[in-house]
1. Where the second residue is in a loop (DSSP other than H, G, I, E, B) and among the hydrophobic types (A, V, I, L, M, F, W, C) and the first is under 15 Å from Arg215 (Cα atoms) and lies in region 111-126, which pairs have Cβ atoms under 8 Å and are six or more apart or on separate chains?
2. From the set of residues in region 372-395 that are charged (D, E, K, R) and open to solvent by 30 Å² or more (accessible area, probe 1.4 Å), which is nearest to Ser292 (Cα to Cα)?
3. Looking at (1) more than 23 Å from the chain's Cα centre (by Cα); (2) farther than 15 Å from Thr234 by Cα; (3) open to solvent by 20 Å² or more (accessible area, probe 1.4 Å), can you tell me which one Tyr141 breaks?
4. Against the condition touching a residue at least 12 places away in the same chain (Cβ under 8 Å), touching a Ser or Thr at 6+ places or on another chain (Cβ under 6 Å), open to solvent by 20 Å² or more (accessible area, probe 1.4 Å) and in a loop (DSSP other than H, G, I, E, B), how does Glu201 come out, does it pass?
5. Would you confirm whether or not region 79-91 contains a residue that is under 15 Å from Leu217 (Cα atoms) and either under 19 Å from the mean Cα position of the chain (by Cα) or touching a residue at least 40 places away in the same chain (Cβ under 8 Å) (or both)?
6. In region 225-265, which residue that is under 15 Å from Leu458 (Cβ atoms) and part of a loop (DSSP other than H, G, I, E, B) is least open to solvent (accessible area, probe 1.4 Å)?
7. Cβ contacts < 7 Å: first residue closer than 15 Å to Val41 by Cβ and part of a strand (DSSP E or B), restricted to region 151-165; second residue of a type in the set (Gly, Ala, Ser) and open to solvent by 10 Å² or more (accessible area, probe 1.4 Å), any location; separation 6+ or different chain. Result?
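The values are calculated or read from the model by the stated rules, or taken from the named source; none is laboratory data. None of the values given here were measured: they were computed from a predicted structure. Counting neighbours? That spans all protein chains shown, and the Cβs are built from the backbone with ideal geometry, glycine included. These accessible areas exclude ligands, DNA and RNA; they are computed on the full protein's heavy atoms, side chains included. Shrake-Rupley method; radii C 1.70, N 1.55, O 1.52, S 1.80 Å.
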Amino acid sequence: MQQFMRRLPALCLCVLLLCQPLLAWAEEEAEIAPLTTSQLVFENGEYVLSGQRAWVDFDWLRVLNPDCVGWLYQEDALFSEAVVQGKDNKYYQTHAFDGFNVAGKSAAYLDAEGSAKMDEALVEIYGSGRTNGSLEELNQYADQLWYDAHPALRLLTPHGDWQAEVFASIKTGEKQRESWLAPAQEESRADWLNRILLSSEIQPVLTAIPEEGERVLAITVNNADSRRRILLCTLRPIRYATEEKAELTNTALDRIPALSGKVTTEPLGEMMVYFQNDEPWNLMRYESAKTSIFRRFGGGGCGPTAAAMVIANLVDVNDLPKLAEYTKDGLPTQFCSCSVNRVYCNHLHVPYHLQTAEQYLRYLPVVMADFAAGNNTWNVNSRPTNSRGSNMKFLEPLCEIFGLTLVTEGNIQDVLEMMQGKTGSAMVVCCALRGSPFTSTSHYVVVAGVDDEYFYVLDPLFREEGYNDPYKAIDAVLAPGVVRIRLENWRLCGLTVDGYIEKRAPRSAVKEK
């Protein structure tokens, strides 16, 4: 330790020399939104956190995988991973959080011999540093500038949360790894620390170096060819002075801005409008089970998106979580950034955790897609492999859930007459056929309202270049996804009726009639 203290002036000089390039680098990274936004103050051996805290629902995670023991993340970077613990250290070397075999990409896992509470003097976590591996991001600790901008991680557990102050990053081989984790025989702790610091590829923040009695977290990043990177961190407890929280299983998708949302136009008033090609779900794989083809939601999700607009505008938002009661397994829809369901997920991340009515409202097109792809108690599959899009067979059970009246017969002219004066209480799902201003193939849209001169259509496809309308059927685009069409031009739209959906009158109102 005395030798290290003699290096203190040199360390300070290094920090000063790095300040200018660090500021430039930080400006480049400023566009990346942090996972959460909090403030930490170190007091009496613990960190007091105010602002927005990170949170995970361990009860939910253990429903998905009983082996889940923690969560490791970095507030100001993209790194965020569940931590599991197997019966041995071999299983999770090749398996993801949900048990899917992902070869060498693996989950982040706690040493099988360690305490699941992570309350020991040395806590050991392992994971893959390969491309898309659980700990790939941590290989950047070979770079001093990266460390200076990200000097700590956080470890959440069901038994307490910890700030993990990184004080060393060591590149080593598989056989040499153990020699860095604890003092060698007859080596004092001070000499071990000095050996660690001299071998580290980073110059640490001085306050990160563990004092006597402080616990150490060792994170082993397993790379190819038996190469390893070991991050050594000092664990210090976090005490929360805030109730504001963000769930880490959701932050990746929640941070993506959406074009979908509530739109106010005349005479429709406020309507929820969704786009199948919206960024949060545009690239998600949208398939039912047992198919070898790969279709994106943005290219074929007009059916579920149209259904989502009907449900969002005719059903009380607080009733939307009812959908979880009608999935095959009785759990909320499990989707992620790569798939509308867990059938074709790449299994390298934990699924989104749907809980609140507002979350259902934001992601309703994805929930509808999972439902349409066969995840429902009726075993209805509206995403066949022999067609480009979806059929609307799932509309009937969907209307049953929310007590909506569904009529599947009728032509568009008759239905438009039925719709007059029912804005906000009735909608029509239509298929626009080839030759329509909406499509050159086929495309689902929603008739949301009819008055004496016009009918109004909600279009599930966001169009940057407008509509190809050689017959001028569309009178006006009132807002993205909301178009107005003159009643006399209904023939030019190529619309066939798939379902007329209406709110059922309350029983008291029926009796009065």
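1. Pairs that qualify, where the first residue is under 15 Å from Arg215 (Cα atoms) and the partner is in a loop (DSSP other than H, G, I, E, B) and among the hydrophobic types (A, V, I, L, M, F, W, C), are Leu122/Leu181; Leu122/Ala182; Glu124/Leu181.
2. My answer is Arg388.
3. Exception for Tyr141: condition (3).
4. yes
5. yes
6. Ranking the qualifying residues of region 225-265, first place goes to Ser260.
7. Close Cβ pairs satisfying both conditions: Gln163/Ala152; Glu165/Ala152.
Quick grid of which residues meet (1) open to solvent by 40 Å² or more (accessible area, probe 1.4 Å); (2) part of a loop (DSSP other than H, G, I, E, B); (3) of a type in the set (D, E, K, R); (4) modelled with pLDDT under 75:
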{"residue": "Val15", "(1), (2), (3), (4)": "yes, no, no, yes"}
{"residue": "Pro21", "(1), (2), (3), (4)": "yes, no, no, yes"}
{"residue": "Glu28", "(1), (2), (3), (4)": "yes, no, yes, yes"}
{"residue": "Asp88", "(1), (2), (3), (4)": "yes, yes, yes, no"}
